[in-house]
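Student: Following this message is one structure expressed as structure tokens.
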Amino acid sequence: MDFEITILGATAATPIYGRGQTAQLINHNQHYFLIDCGEGTQHQFLRYKKKMNRIEAIFISHLHGDHYFGLMGVLNTLHLQKRSEPLRLFGPAGLSEIIIVHFRHSNTVLGYPLVFKETSTQTPALIWENEHLTVETIPLRHSLPCAGFLLREKKGRRKLIQERLLPDFTPSEYIDLKHQRDIIRNGKAIPYDYFSYEVKPRSYAFCSDTAYHEAMLEQINGVDCLYHEATFIDADAFQASETKHSTALQAATIAQQAKVNQLLLGHFSIRYKDPIELLLEAKKVFANSFIAEEGHTFSIQEEGPRL
Ligand SMILES: [Zn+2]
Ligand SMILES: [Zn+2]
């Protein structure tokens, strides 16, 4: 089952040629979600050969332009492409008003249902789920109401252990396995659990934009992958606190304290020509840090069985 994060853009505030603003495409088990939608996001879909029409839901963290100015373009293009499936949109108060005004004045009536739900930016809330995945908001500390998103797989999914599958299974035994039933051989039951293992649920936390915010630690504790903004280096910590952003050092400290497995850094200020400076700073505290490089897909791997 895939769990992939494709970075469509990761730059902060003002655009810079060749680098997109915050937008991430999530593929979970062939269900596609967009997190944030900076200016030019639909161009990024074309550039990285991703299908925009497959998105089921869009999650917007907050209403600074670098996180949602691409939204009207995406919504309108989906309309022009004759989308008919509903699209769910989650974002803070005010977003629905912005969209309504845009479409009212362009005399646009979308050809698909756009279902908007306002997010809570004060307390964590479950906002979306399907058979295998839930999405919760993560309240963040920023100069506008802002919530990150925690995507977490549900518990209880089991997978077959290839090494324990018997070469002489009969067709009816295969059917029993498929339906997660025990196998009866010579009057004895071999439990389904012997042939399968419970897959460890995977999780991804998206945290942009935010000042250093320890209140999130409990919620994101132990996630497989954390994206955390790192707008500044530690030498510019004053600007970070003034603008309610984080330094790379602070992002790494959050990753370390929350005992996450992997840290992705992004939302770098354009004042830093080479983001390696931010990466090296983070790595001093949290070694498994990476730059959320545009166009790159990070995959969260499933753990195998412990035999
Ligand atoms: Zn931003
Ligand atoms: Zn912001």
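The values are calculated or read from the model by the stated rules, or taken from the named source; none is laboratory data. These figures come from a predicted structure and were not determined experimentally. So basically every Cβ, Gly included, is an ideal-geometry build from the backbone, and we count neighbours across all protein chains shown. Surface areas here come from the heavy atoms of the whole protein model, side chains and all, with no ligands, DNA or RNA. Shrake-Rupley method; radii C 1.70, N 1.55, O 1.52, S 1.80 Å.
Student: May I ask you to list the residues in the range 48-86 that are more than 16 Å from ligand 2 (Cβ to nearest atom) and of a type in the set (A, V, I, L, M, F, W, C)?
Tutor: Within the range 48-86, M52, I55, A57, I58, M72, V74, L75, L78, L80 meet the criteria.
Student: Looking at the range 149-164, which of its residues are open to solvent by 70 Å² or more (accessible area, probe 1.4 Å) and hydrophobic (A, V, I, L, M, F, W, C)?
Tutor: Within the range 149-164, none qualify.
Student: Taking I233 and the conditions (1) open to solvent by 10 Å² or more (accessible area, probe 1.4 Å); (2) under 24 Å from T123 (Cβ atoms); (3) of a type in the set (A, V, I, L, M, F, W, C), which numbered condition does it fall short on, given that it satisfies the others?
Tutor: Condition (2) is where I233 drops out.
Student: Quick test for you: out of F33, F45, pick the one residue that is within 17 Å of F149 (Cβ to Cβ) and away from ligand 2 (no atom under 16 Å from the Cβ).
Tutor: Testing whether each residue is within 17 Å of F149 (Cβ to Cβ) and away from ligand 2 (no atom under 16 Å from the Cβ) leaves just F33.
Student: I'm trying to understand the selection: among the residues of the range 270-292, which are exposed (fewer than 15 other Cβ atoms within 10 Å of the Cβ) and of a type in the set (D, E)?
Tutor: Residues satisfying the conditions are D274, E277.
Student: Quick one: which helices (runs of 4 or more DSSP H) sit completely within the range 23-133 and have at least 2 residues that are surrounded by 13 or more Cβ atoms within 10 Å (Cβ to Cβ) and of a type in the set (A, V, I, L, M)?
Tutor: 71-80, 95-105
Student: Whether any residue in the range 11-20 is at pLDDT below 95 and aromatic (F, W, Y) is what I want to check.
Tutor: Among the residues of the range 11-20, at least one is at pLDDT below 95 and aromatic (F, W, Y), which makes the answer yes.
Student: Now a separate question. Name the single residue, out of those in the range 208-226 being in a loop (DSSP other than H, G, I, E, B) and free of Cβ contacts under 8 Å to residues at least 40 places away in the same chain, that is surrounded by the most Cβ atoms within 10 Å (Cβ to Cβ).
Tutor: N221
Student: Quick one: how many residues across the range 165-207 are open to solvent by 50 Å² or more (accessible area, probe 1.4 Å), over 30 Å from E4 (Cα atoms) and not in a loop (DSSP other than H, G, I, E, B)?
Tutor: Adding up the residues that qualify gives 8.
Student: Ok, one more. So, in the range 261-297, of the ones that are in contact with an Asp or Glu (Cβ under 7 Å, 6 or more places away or on another chain) and away from ligand 1 (no atom under 16 Å from the Cβ), which residue ends up nearest to G222 (Cα to Cα)?
Tutor: If we take residues in the range 261-297 being in contact with an Asp or Glu (Cβ under 7 Å, 6 or more places away or on another chain) and away from ligand 1 (no atom under 16 Å from the Cβ), then N261 is nearest to G222 (Cα to Cα).
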